[in-house]
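Heads up, the thing below is written out as structure tokens.
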Amino acid sequence: MQTSQYQARDRAHHLHPFTDFKALGEEGSRVVTHAEGVYIHDSEGHRILDGMAGLWCVNLGYGRRELVEAATSQLEQLPYYNTFFKTTHPPALGLAEKLCSLAPAHMNHVFFTGSGSEANDTVLRMVRRYWALKGRPGKRWIIGRENGYHGSTVAGMSLGGMAPMHEQGGPCVPEIAHVAQPYWFGEGRDLSPEAFGRHCAEALEDKILELGEENVAAFIAEPVQGAGGAIMPPDSYWPAVKAVLAKYDILLVADEVICGFGRLGEWFGSQHFGLEPDLMPIAKGLSSGYLPIGGVLVGDRVADTLIDEGGEFFHGFTYSGHPACAAVALRNLELLEAEGVVERVRDDVGPYLARRWATLAEHPIVGEARSLGLMGALELVADKVAGTRFDKSLAAGNLCRDLCFEAGLVMRSVGDTMIISPPLVITRDEIDELVRLARQALDETARRLAEHVVTDAQREEIRA
Ligand SMILES: *Cc1c(COP(=O)(O)O)cnc(C)c1O
């Protein structure tokens, strides 16, 4: 099959997620045909280093026979049965048990969903239900963060803080508010990182006081924002937020859909930051993306109330705890554990990536290079000293992303922030290759942009 034939068929019938349908139709899709390890292959015969682990999910890398076998044998044994109406099956109960053994000690229950978005819909219903059962039905507001991402269902996008999403198909779910994100490079450089982190926690406190603490149910946040641009908060941020939430008795929902399962060098991002969340939505790396599955890990405080006082919870999905998905997720967790993948991220490849990635900070169009575990970001800038951005019309980030593809690397762009989140099984040699390809793409991006860009200094010269 020729690429052009694939593209024509794709264009004719397939509406892609988060895509300008018309523009993609004109350009033609990239057709990915197979993959192994940390590499994907396209229909043109290119081998491309997948710096994004698919969509932040293929933590064990591609081509793992063990996961294929877990799926196949479960499909033969019991391809489907539901977990409604007092039934269960070994994969669902086994996965629940395994997850709770890995989660922080106070989290001993899990509610399964088909995706991260469904997990956050579950969160919304659970936290409001919890407070109603506690005799405080006024506690309904949930505070999220600007530019946070919690999925694309109606509740998921409402909890998230992505304005372009809110503008389509609204109105959003009522009684959800958003506060400043701890994005120092983007929004806080007039303060020190530590002062800015505290400033963001104060913004949360101000919002709680504005809404009335008796009306606020929960705060939801990713330990490190992923889709928003791999935004690692200043060290001051989480301790200050924790103190605010404790002061007003507000639940913490740590969205672990990306940070969970080793991305930051701990089983959960919450453990890296010393958080004790009441709820943790999970998905993505839970199954290394081999089959779709998500869930919500529920802390004892909420679980005990729902169990002891709740009666029937009118919520669930046909595929909650799907046997094949659960079997693959369970095998995935066993492999992560048996191969010491999480410890390897913390002690070996994470620190190694940090050293190698930091060298990109010297590049003329990079204003900041940051990483934590196996997540990293580069901030593209027009003027390195002043830290000013490129003109938006140049779409520098998109250009760099396209040039990465040409160079043989998947690196995603969020505006002019370039991000990576490679499979956790990436080797040191592959990290060297990733950084080399990123640098090559940055050089080419700089060269192409130089044809368009005049800096303020150059403009002065021209005037003189
Ligand atoms: C991807 C993501 C989601 C949504 O997960 P889906 O499986 O795409 O529905 C939710 N929260 C975070 C933090 C995510 O990165």
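Annotations for the structure displayed:
- Pairs beyond 22 Å (Cα-Cα), from 284/392; 139/207; 139/247: 284/392
- Taking amide hydrogens as placed 1.01 Å from N in the peptide plane, the amide H of residue 265 sits under 5 Å from those of 374, each at least 5 positions away in sequence or on another chain.
- The eigenvalues of the Cα gyration tensor, multiplied by 5 and square-rooted, give region 66-338 an equivalent ellipsoid with semi-axes of 31, 21, 17 Å from largest to smallest.
- Alpha-carbon Debye profile of region 28-114, log10 I(q)/I(0) at 0.10, 0.26 Å⁻¹: -0.43, -1.25
- Over the chain, Cα pairs under 8 Å with separation of 6+ residues give a relative contact order of 20 percent.
- For residue 109, residues with placed amide H under 5 Å, excluding near neighbours: 298
- In summary, the convex hull built on the alpha carbon positions of region 196-273 has an orientation-averaged projected area of 5.1 nm².
- Pairwise Cα distances in region 169-210 exceed 12 Å for 63 percent of all pairs.
- ³J(HN,Hα) computed for each position of region 151-161 - Karplus, 6.51 cos²θ - 1.76 cosθ + 1.60, integer Hz, glycine/proline x: x, 10, 6, 4, 5, x, 6, 6, 5, x, x
- Shape category assigned to the chain from the gyration tensor of Cα positions, a/c cut at 1.5: oblate
- Nonlocal amide H pairs with residue 178, under 5 Å, H built at 1.01 Å: 144
- Each of 258, 48 was scored by other Cβ atoms within 10 Å of its Cβ. Arranged with the fewest first, they read 48, 258.
- Simple Cβ-charge dipole of region 171-295, Lys/Arg +1 and Asp/Glu -1, about Cα centre, in debye nearest 20: 460
- Radius of gyration and Dmax over the Cα atoms of region 234-297, both given in Å: 12.8, 41
- Cleavage-rule hits, GluC sites (Glu not before Pro), region 1-92, DSSP coil, Cβ neighbours within 10 Å at most 15: 44
- Scaled radius of gyration (Cα, divided by 2.2 N^0.38 Å) that region 323-464 gives: 1.27
- Cα gyration tensor shape of region 227-346, rounded if a/c is under 1.5, else prolate or oblate by comparing a/b with b/c: oblate
A short reminder: the numbers here are calculations on the coordinates, not readings from a lab. None of these values were measured; they are calculated from a predicted model. Heads up, the Cβs are rebuilt from the backbone with ideal geometry, glycines too, and the neighbour counts pull from every protein chain shown.
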